[in-house]
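First up is the structure itself, then whatever we jot down about it.
The values are calculated or read from the model by the stated rules, or taken from the named source; none is laboratory data. Please read these numbers as outputs of a predicted model, since none were measured by experiment. Ideal geometry is used to build each Cβ from the backbone, glycine not excepted, and the neighbour counts take in all protein chains shown. The protein model used for the area step is the full one, side chains on, heavy atoms only, and it has no ligands, DNA or RNA in it. Shrake-Rupley method; radii C 1.70, N 1.55, O 1.52, S 1.80 Å.
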Amino acid sequence: MNESATPAIRVRGLTRRFGELVAVDHVDLEVPARQVYGFLGPNGSGKSTTIRMLCGLLMPSEGEIEVLGLRIPAQAEALRRQIGYMTQTFSLFTDLSVRENLAFMAAVQGVPQRQTRSRIDALLEQYHLADMQRQLAGTLSGGQRQRLALAAAVVHEPKLLFLDEPTSAVDPQSRRDFWEALFTLADAGTTLLVSTHYMDEAERCHRLAILDRGRLVADDTPAALAGALAGRTFQVNTQHPRALQPTLAQWPGVLSVAQIGASLRVLMAADADAAEDICTRMRDALRSSDAKVSVSAVTPSLEDVFVAATREPGAVEATSS
Amino acid sequence: MNMRRLWAIVMKELRQLARDRITLAMIVGIPVLLLALFGYAINLNLRGLHAGIADQAQTAGSRALVMDMLATGVIEPGMQAPTPAPLMTALKRGRISVAIVIPPDFERRRIDGRAVAQVVVDGSDSTVRAAALQLLQVPIDSAASDTRAPPRSTPVEGRIRLLSLYNPERRSAVNIVPGLVGVILTMTMVLFTAVAVVRERERGNMELLIATPLSRSELMVGKVLPYVVIGLLQTTLILALGVGVFRVPVRGSLWEVYAAAALLIVANLAMGLLISTRAKSQFQAMQMTFFVFLPSILLSGFMFPFAGMPRAAQWLAEVLPLTHFLRLIRGVMLRGAGLWAMWPDVLALLAFALVMMTLAITRFRKRLD
Ligand SMILES: Nc1ncnc2c1ncn2[C@@H]1O[C@H](COP(=O)(O)OP(=O)(O)O)[C@@H](O)[C@H]1O
Ligand SMILES: [Mg+2]
């Protein structure tokens, strides 16, 4: 990986309140340059609010922000020349054509007038929009809109790109293509901060921050995050998954039980016990309900990481009180 | 202010406008609708008004005068009375709209060149008053040409007196069209910018725009400029209809009419921008526009004579751009006055536009909170 010395974003104790609600709660972050950094979290976990504060669009209630060496919000105006921001909902002009939208953004972002034409042609080509350049943006499909929004966000070749749930309204194939485009940008030296609530997308990021109810609950590479859960995930194969699920959920130390087809996936809290011991105990306990039950340890996935991070007893107590 | 960015905003607005059928329909529709509504009220060809006649002279000359008045078609006989008193009662009760009173010494007055008859109208209805004006044009001397009186070339004006009850200000119908220019511009211009900005916020466009290097003044001025063009087009439309259909005179310079309109347009657009910094939804923007529009209509002197209003209302009216515009436009169009002769009102409009624009720009935040 291509890590440069100074991080693109550095955040300390970032907090934002909306009245009583604490939307972002003392978040510390460091986003390395030239990487795809993921923000994973369910709806309402504070992803958009954090991104908006990083762009200088929302005032933080507390905390310090430094983006590309600039202090935000004080130097937000200087930052705006160097960033691209793709909003969560499509925010280009639906009553302008694809080309008109790009030309507008090029003018506003100060792309030199002589280069505007060739830059737009290149973007239309790169994002497969050339055939529909005269079409009004409002008539595009979800995937086409996302590509247009991305093209518009990078028209001035920003150093840093914020993307807020860029693929939420897009089919799987378009999502794959979209992520290819993001990695192309990262390879060219752009730092990307992408929020998502899709596990498969989070998996692809160089580094990942998991947000839950405004709090940063995990922050590492996807592999390291999953590795930390080794020995805590189990698969229970049974004839009666629905009947066993409530029993298992009552077990001491069980964080979650999810049905996956005909099996159950069990996530245990951090525990000193060895995985084999847990397997044996679990099998013995379940025999009475299903004689043919089998239990095995499995490799943790990012989904497990997410569940563990958001359901650790500490986290549950802190937010449900 | 960066000219390229400003131009980008202006062109974007114009493109969007050209594709927005509803706004386009409003730009043309509101002036036409209001002109048609008020135009009906100021229809100068009103005919068949019920008239009461009190011919106290009963000479051939006086009867001929009454016949000539009836022949205009403006009035038709409603009642006859020996004295004016019953006519006044009927007028008050609304049974007749016009009373024609010819004094007993009609012949004497005619020879002396004094006023020979009185047309009394219910002046609270400006329509009637305007129509009755035609009765004053009836020739007096020719009507009595069979008498020995020499056909003198006395001016017709003044020989038949018009007495307008209930409306001592004698507001003329032609006051309405120039006023209408101001009313329509106040209604549409404030609304257009207020709604245009709030709509961008609602659609999420604003979040995109404020995350770019666009400055506040580029955003605000870029919003205003296209609508200045729209406002001047509307002015042209109203003037064309007013002059063409309603025969409203433009006695002063047309250039100064447009200059006055441009001042009002900018003042109103800036006010719309200010509203947009406050309004949270398009509906709220419309409510707030209405809140500004209502006092403008009522207090500016468009509906009710300015001089007759209570002192407090007059003070309030002085801070409404429409008040100053009405003075300017009536001055230029009806009296042929020059704008510089009315510099306090020019200055007031200019100050209003500047203050509103400055407030709108400083109150606008490139933030979401
Ligand atoms: N402008 C606002 N006013 C009040 N509450 C807000 C505002 N913006 C966001 N919130 C609240 O803050 C929390 C976090 O929202 P958001 O950052 O949009 O989450 P995410 O993007 O992760 O879905 C939510 O509970 C949301 O309702
Ligand atoms: Mg969000």
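Assess whether B:ARG108 counts as being in a helix (DSSP H, G or I), without any contact (Cβ under 8 Å) to a residue 24 or more places away in the chain and within 14 Å of chain A (Cβ to nearest Cβ). Answer is no for this residue. Number of residues in segment A:93-119 that are aliphatic (A, V, I, L, M), at the interface with chain B (Cβ under 7 Å from one of its Cβ atoms) and under 17 Å from B:ILE210 (Cα atoms): the value is 2.
For segment B:12-24, a residue qualifies if it is modelled with pLDDT of 90 or more, open to solvent by less than 60 Å² (accessible area, probe 1.4 Å) and assigned to a helix (DSSP H, G or I), and the qualifying residues are B:LYS12, B:GLU13, B:GLN16, B:LEU17. Scan segment B:200-210 for residues that are open to solvent by 10 Å² or more (accessible area, probe 1.4 Å) and facing another protein chain (nearest Cβ under 7 Å) and the total you get is 3. I'd like to check something: does segment A:93-102 contain any residue that is more than 15 Å from ligand 1 (Cβ to nearest atom), open to solvent by 10 Å² or more (accessible area, probe 1.4 Å) and free of Cβ contacts under 8 Å to residues at least 12 places away in the same chain? Yes, some residue in segment A:93-102 is more than 15 Å from ligand 1 (Cβ to nearest atom), open to solvent by 10 Å² or more (accessible area, probe 1.4 Å) and free of Cβ contacts under 8 Å to residues at least 12 places away in the same chain. Checked against (1) open to solvent by 60 Å² or more (accessible area, probe 1.4 Å); (2) part of a loop (DSSP other than H, G, I, E, B); (3) of a type in the set (A, V, I, L, M, F, W, C); (4) within 27 Å of A:VAL36 (Cβ to Cβ), A:ALA291 meets all criteria but (4). As a summary of the residue check, A:MET59 satisfies the conditions (1) part of a helix (DSSP H, G or I); (2) facing another protein chain (nearest Cβ under 10 Å) except for the one numbered (1). Of all the numbered requirements in (1) closer than 30 Å to B:ARG278 by Cβ; (2) more than 14 Å from chain A (Cβ to nearest Cβ), B:GLY331 misses one, and that requirement is (1).
Residues being within 16 Å of ligand 1 (Cβ to nearest atom) and either within 14 Å of another protein chain (Cβ to nearest Cβ) or open to solvent by less than 70 Å² (accessible area, probe 1.4 Å) (or both) are represented in segment B:343-365 by at least one member. Taken over segment A:18-53, residues that are within 13 Å of ligand 2 (Cβ to nearest atom) and either of a type in the set (Val, Ile, Thr) or touching a Phe, Trp or Tyr at 6+ places or on another chain (Cβ under 7 Å) (or both) amount to 6. Of all residues in segment A:63-89, those satisfying the criterion of being part of a loop (DSSP other than H, G, I, E, B) and more than 9 Å from every other protein chain (Cβ to nearest Cβ) are A:LEU68, A:GLY69, A:ALA74, A:GLN75, A:GLN82. Taken over segment B:211-220, the criterion of being within 7 Å of chain A (Cβ to nearest Cβ), surrounded by 20 or more Cβ atoms within 10 Å (Cβ to Cβ) and touching a residue at least 12 places away in the same chain (Cβ under 8 Å) is satisfied by B:LEU214 alone.
Considering the conditions (1) within 11 Å of ligand 1 (Cβ to nearest atom); (2) touching a strand residue (DSSP E or B) at 6+ places or on another chain (Cβ under 6 Å), A:PRO60 is excluded by exactly one of them, (1).
Per-residue answers, yes or no, for (1) at pLDDT 80 or above; (2) surrounded by fewer than 21 Cβ atoms within 10 Å (Cβ to Cβ); (3) not polar (S, T, N, Q):
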residue	(1), (2), (3)
B:LEU133	no, yes, yes
B:THR154	no, yes, no
B:GLY179	yes, no, yes
B:VAL183	yes, no, yes
B:VAL197	yes, no, yes
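Go through A:VAL217, A:VAL194, A:VAL236 for me and flag whichever is away from every other protein chain (no Cβ under 14 Å), within 16 Å of ligand 1 (Cβ to nearest atom) and more than 30 Å from A:ARG117 (Cα to Cα). Residue meeting the stated conditions: A:VAL217.
If a residue has to be open to solvent by less than 50 Å² (accessible area, probe 1.4 Å) and closer than 20 Å to A:GLN88 by Cα to count, how many in segment A:52-64 make the cut?
Selection size over segment A:52-64: 7.
Evaluated against (1) closer than 29 Å to A:VAL307 by Cα; (2) out of contact with any Asp or Glu (no Cβ under 8 Å at 6 or more places or on another chain); (3) in contact (Cβ under 8 Å) with a residue 12 or more places away in the chain; (4) within 16 Å of ligand 2 (Cβ to nearest atom), A:PHE90 falls short on exactly one condition, (1). As a summary of the residue check, A:THR15 satisfies the conditions (1) away from ligand 2 (no atom under 15 Å from the Cβ); (2) closer than 16 Å to A:PHE162 by Cβ except for the one numbered (2).
There is at least one residue in segment A:69-85 that is within 16 Å of ligand 2 (Cβ to nearest atom), in contact (Cβ under 8 Å) with a residue 24 or more places away in the chain, closer than 27 Å to A:ALA122 by Cα and open to solvent by less than 30 Å² (accessible area, probe 1.4 Å). Could you tell me whether segment A:28-38 includes any residue that is without any contact (Cβ under 8 Å) to a residue 24 or more places away in the chain and either within 16 Å of ligand 1 (Cβ to nearest atom) or under 30 Å from B:ASP20 (Cβ atoms) (or both)? Within segment A:28-38, none of the residues are without any contact (Cβ under 8 Å) to a residue 24 or more places away in the chain and either within 16 Å of ligand 1 (Cβ to nearest atom) or under 30 Å from B:ASP20 (Cβ atoms) (or both). As for segment A:14-25, it holds at least one residue that is assigned to a strand (DSSP E or B) and more than 11 Å from ligand 1 (Cβ to nearest atom). Say whether the condition of being crowded, with 21+ Cβ neighbours inside 10 Å, of a type outside the set (A, V, I, L, M) and not assigned by TED's automatic domain parsing to the domain that holds A:ALA249 is met by at least one residue in segment A:215-231. No. Set side by side, the residues A:GLY41, A:GLY46 differ, and just one is touching a His at 6+ places or on another chain (Cβ under 7 Å), assigned by TED's automatic domain parsing to the domain that holds A:ASP220 and within 11 Å of ligand 1 (Cβ to nearest atom), which is A:GLY41. Annotation for segment A:40-51: at least one member residue is away from chain B (no Cβ under 14 Å), buried (at least 17 other Cβ atoms within 10 Å of the Cβ) and in a strand (DSSP E or B).
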